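The values are calculated or read from the model by the stated rules, or taken from the named source; none is laboratory data. Note that the structure is a prediction, hence the values are computed from the model and not measured. Note that each Cβ is placed from the backbone with ideal geometry, even for glycine, and that neighbours are counted across all protein chains shown.
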């Protein structure tokens with residue numbers, strides 16, 4: 001079985017409301033690279049200091065994966 005270490009995994013996350021924001025914060029704290037999208041761009045940009053990469057739309061989001 002192949003173990004997936006955080007530094008070798010890219011994740012995408014859509015929706016940064018109350019629950020989504022908390023999930024993303026925990027994943028970033030554990031070293032995962034995250035591409036994030038929310039209809040409200042400021043929610044995605046607020047996570048940049050923590051290491052998230054905001055994308056402009058879900059098409060771009062899918063191509064990053």
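Observations on the model:
- Unique residue being touching a residue at least 24 places away in the same chain (Cβ under 8 Å), surrounded by 18 or more Cβ atoms within 10 Å (Cβ to Cβ) and part of a helix (DSSP H, G or I) when the list is 36, 24: 24
- Being modelled with pLDDT of 90 or more and more than 13 Å from the chain's Cα centre (by Cα) is not true of residue 50.
- Selected residue (criterion: surrounded by the most Cβ atoms within 10 Å (Cβ to Cβ)) from residues of region 53-65 that are under 17 Å from residue 6 (Cα atoms) and modelled with pLDDT under 95: 64
- Entry remark, region 39-64: residues being more than 11 Å from residue 13 (Cα to Cα) and not in a helix (DSSP H, G or I) number 7 in total.
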